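S.K.: Have a look at this one before I ask anything.
Please treat every number below as a calculation from the coordinates, not as lab data. Quick caveat, the model's predicted, so the values are computed rather than measured.
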Ligand SMILES: Cc1ncc(COP(=O)(O)O)c(C=O)c1O
């Protein structure tokens, strides 16, 4: 009896001890997004189970069981495209073929332009080139002399037009040429850049790195060092470079470590921040406002028409303010990762645009004036890398090429130019102007009766498809036929340089309309397919299970 009493008291005591832990654990799981992107470990497991298989010619053209007449149109359409590219990109294609043996990166991007089942047949039949030799305004000239209007934006670097960056790089040569590539000692421009960046970011200190990924690594390392906590919080779908801790899911062979991936714009995530003691920092990539909780919309995952995007400035601003408050309350370091969007939304970046101040801010891409760079700006207390009272306790960060004179020269040209009247005129009314461009673009798509729309956050757009189809990824090639170049992620990202005027954007819209009309005529969006997004996904799942376990067709 006495023994039972002791045991149950003990059990109660253990339960009381464990209850808060269990509660926090439960809160953490509730703060994860229900999609696979919210569950890194599970996503890796699922990804490893997906069987590799490819469609043969027949299935390539009728993956949706289309009628023979539609298949015929598709076949003819693909042949027309192939002939067009062979004629306009012949040398570029030949050079790409040679390069593929040497450059795994090229093999990777070439393979992941479309859903994997379609990829091998398409790669064989529809070849495009990767080699360009000149840029003229927004036009890229390939080595065959064919011009394509660039909508890829050099991954976001190209904010003010290629001419702007050519000038910055040329000026860098003049500014630092006498010193040359001397590292370790500083060219005086390092100080000038640091002062300008501190002023622009509203932060105290600056550190220079060689890529956006490194800037993010350093920001997180500093946050861990100063808080003495282990974990970083990132939001579901957000890209912060390719370092292990910010890319815990598929694509990274390492096991997820000290990272919590939480739901964006969700109260339950705030609750986790309020209650956990191990969170060092929260990383925010403001581009996620365009598609909260979803990854960058690449065409290799465009298996149906369920891609969604839409930007609500007021809602995202409110969310950032809540985050700011919780981070302040809990001593968590709030990091804005502005590597992509910095200088694109406003001269003072996302901090200025949303009216929320971060503790640390990372920049990169366009800030290098066309050369590679990563930058961290932050409060003095967080940027400090050693402790006077404990000399062996340091937060180490180096990098041979940090503060490279040529990069500093191009960055200086960039920073001085954006203070000039020409760029001031571009920033003036920027948001309204790009909302106008987007509305006119959509009006043209609608007037042409196309099942196609664009959504955007300023000058970063994504294409949405309004009719269920298995072939939306074909659009990137039909758009290319019209002289428009998208990046390897395809229609998921259109990145404009913000010097585009109304007439040029409208010209691009007209070509998009032509591409959309060809999509229709070539049968890739045929009417009466009877498909909906759910049925497409269901049949794909069945197909994969058949491939995995060898079930009979049917
Ligand atoms: C928000 C964000 N952070 C970090 C990075 C990584 O920068 P980098 O490619 O220069 O390493 C990127 C790159 O696209 C980015 O968009």
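S.K.: If you bin the C-alpha pair distances of the range 17-95 every 10 Å from 0, what whole percents do you get?
M.R.: 14, 19, 20, 20, 13, 9, 5, 0
S.K.: Also, quick follow-up: Over the range 96-235, what is the relative contact order in whole percent, taking alpha-carbon pairs under 8 Å and six or more residues apart?
M.R.: Relative contact order comes out at 8 percent.
S.K.: Calculate the length of the line joining the C-alpha centroid of the range 79-132 to that of the range 19-77, in whole Å.
M.R.: Centre-to-centre distance over Cα atoms comes out at 24 Å.
S.K.: Which value results when the Cα radius of gyration for the range 339-485 is divided by 2.2 N^0.38 Å?
M.R.: Its radius of gyration relative to the 2.2 N^0.38 Å reference: 1.45.
S.K.: Here's something else I'd like to know. Rg(Cα) of the range 451-554 divided by 2.2 N^0.38 Å?
M.R.: 1.31
S.K.: What length, rounded to one decimal in nm, is gained on full extension from residue 30 through to residue 106, with 0.36 nm per residue of separation minus their alpha-carbon distance?
M.R.: Value of the extension gain: 23.4 nm.
S.K.: Run the Debye formula on the Cα coordinates of the range 467-508, all scatterers equal and no solvent, and tell me log10 I(q)/I(0) at q = 0.22, 0.26 1/Å.
M.R.: -0.83, -1.01
S.K.: If you don't mind, another one. Quick one: length gained pulling residue 80 to residue 352 fully straight, 0.36 nm per residue minus the C-alpha distance?
M.R.: Separation in residues times 0.36 nm, less the Cα-Cα distance, equals 93.1 nm.
S.K.: At a threshold of 8 angstrom on Cα-Cα distance, excluding pairs fewer than six apart, so keeping six or more, what relative contact order does the chain reach in percent?
M.R.: So the answer I get is 20 percent.
S.K.: So how far, in whole Å, is the C-alpha centre of the range 214-276 from the one of the range 450-488?
M.R.: Centre-to-centre (Cα) distance: 31 Å.
S.K.: Stokes-Einstein diffusion coefficient for the chain at 25 °C in a medium of 0.890 mPa s, Rh from the Kirkwood formula over Cα pairs: what value in µm²/s?
M.R.: 96
S.K.: Let me ask you something else. Kindly give Rg over Rh for the range 148-271, based on alpha-carbon atoms, with the Kirkwood expression for the hydrodynamic radius.
M.R.: 1.04
S.K.: Another question, then. For the range 254-339, what ratio Rg/Rh do Cα atoms give with a Kirkwood hydrodynamic radius?
M.R.: Using Cα coordinates only, the ratio equals 1.00.
S.K.: Using Cα-Cα distances under 8 Å and only pairs 6 or more residues apart, what relative contact order does the range 73-139 have, in percent?
M.R.: Result for the range 73-139 is 46 percent.
S.K.: Return the calculated 222 nm mean residue ellipticity for the chain, to the nearest 500 deg cm²/dmol, obtained by summing -39500 (n - 2.57) across DSSP H runs with n ≥ 4 and dividing by the residue count.
M.R.: After summing the helix terms and dividing by residue count, I get -14500 deg cm²/dmol.
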